[in-house]
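Nothing in this text is a laboratory measurement; each read-out follows from the coordinates by a stated rule. The structure presented is a predicted model; accordingly, all values stated were derived computationally and were not measured. Note that each Cβ is placed from the backbone with ideal geometry, even for glycine, and that neighbours are counted across all protein chains shown.
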Amino acid sequence: MKELPSHLTDSEKWQFDLHGFLVLRQVIASDRLAQMLEVIDGWLSADLSEMPCPLVRHRQEPHKTHIDHIQYGHRLFDELAWDPQIIRVVAGLTFNTPRLFHCNFTQMSRSDEELTGFHRDDSGFKFPPGFRNPHNDYQAGNGELYCSHLATWVAMADVPEGTGFCLVPGSHKSNFREPDGLKICDNPPVSITVPLQAGDMIIFSTNLLHDAAPWTESYPRMNIFQRYQLSVYFNETHKSGYPLEPHKSLISEELYELENMGREEKKVIRHMRTHFEK
Ligand SMILES: O=C(O)CCC(=O)C(=O)O
Ligand SMILES: [Fe+2]
């Protein structure tokens, strides 16, 4: 692996180390967002039998509709996965060696369900209390950061204060189990929600305690999740994971490589560097 300087600023490093997340404003400009929403709208209203393969529309919880693998359905979402603004931060947290292993769209409607608890993302295997999940690691050293399991939460509709995505700042490096009964929206001081405008995004260590806050608006909450990991050692979802080989012709070469494991420098890193260094 080549030693390359990360493209994170000192202030971003300080903030991510302290809080475990960063907010990037206006990653998606309004005309691009409008095009994305038009495509998503088509998929939300399509008959299930009309969904383009390999996209899957499903409900995991009563108030949430998901559309999985959107990057195989339209180039707009393919390119979003390797958008230079996103890759700059993802690469800065993964020694310039990222892999995309998950991508979906989520729509959430207004809910006043009882508040649940926070979670950390994992691959289905819970490490016993007192053990750190090595697949979901965070470290800082020599002025650089390392986070092996990351997610983006890209807002496609405005998220007002007090709703949206709830997280416990700093919990990505907490060495203690949270107290029993800690509920979502214990705001403040333990947790916060992050107001966003459509086109903004949160990028966070999935080792942060987090969950969806109840959605309080009359319009639906809409966001895209992209999950990245270190592209060596870890292969989240193994053979059933990305890239989806039978559908590889539907995605760009850049994305196909980004979804694969590998330690060589990927095209998306060079693309990001060219974007920022021109
Ligand atoms: O929908 C959200 O805001 C959170 C979902 C989440 O944390 C997850 O799917 O792991
Ligand atoms: Fe999660």
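Structural remarks
- With 5 Å bins beginning at zero, the pair-distance distribution over Cα atoms of region 1-133 amounts to 2, 7, 13, 16, 16, 18, 16, 8, 4, 1 %.
- Candidates Met222, Met36, Met156: whichever shows maximal mean-square fluctuation once the chain is modelled as a Gaussian network with Cα springs under 10 Å: Met36
- By the count of neighbouring beta-carbon atoms within 10 Å, fewest first, Phe165, Phe234, Phe105, Phe125 end up ordered Phe125, Phe234, Phe165, Phe105.
- Phi-based couplings in Hz for region 213-221 (Karplus 6.51, -1.76, 1.60; Gly and Pro marked x): 6, x, 8, 10, 8, 7, 8, x, 6
- Alpha-carbon Rg with Dmax, taken over region 228-278, Å: 12.2, 38
- Lys pairs, region 136-278 - Cα-Cα below 19 angstrom, 8 or more residues apart or on other chains: 5
- Under-5 Å amide H pairs with Ser191, H placed in peptide plane, nonlocal only: Asp186
- Gyration tensor analysis over the Cα atoms of region 84-197 returns equivalent ellipsoid semi-axes of 25, 21, 14 Å (largest first, whole Å).
- Residues whose amide H lies under 5 Å from that of Ala157, counting only those 5 or more places away or on a different chain, are Gly199, Met222; hydrogens are built 1.01 Å from N in the peptide plane.
- The C-alpha radius of gyration of the chain, expressed as a fraction of 2.2 N^0.38 Å, stands at 0.97.
- Sorted by Cβ neighbour density within 10 Å, fewest at the top, the residues Trp43, Trp82, Trp215, Trp14: Trp14, Trp43, Trp215, Trp82
- Here the sum of -39500 (n - 2.57) over DSSP H runs of 4 or more residues, divided by the residues of the chain, equals -6500 deg cm²/dmol at 222 nm, to the nearest 500.
- GNM top mover of Leu24, Leu230, Leu182 - the chain, alpha-carbon springs below 10 Å: Leu182
- A simple rule links phi to the HN-Hα coupling: the Karplus curve 6.51 cos²θ - 1.76 cosθ + 1.60 with θ = phi - 60°, which for region 189-194 gives x, 6, 10, 9, 10, 10 Hz, with x for Gly and Pro.
- Highest GNM mean-square fluctuation among Arg177, Arg221, Arg99, for the chain modelled with Cα contacts below 10 Å: Arg177.
- Taking other C-beta atoms within 10 angstrom as a stand-in for reagent exposure, Thr152, Thr116 fall in the order Thr116, Thr152, fewest first.
- Using θ = phi - 60° in the Karplus curve 6.51 cos²θ - 1.76 cosθ + 1.60, the 3J(HN,Hα) couplings for region 120-127 round to 10, 7, 8, 9, x, 10, 8, 6 Hz; x is entered for Gly and Pro.
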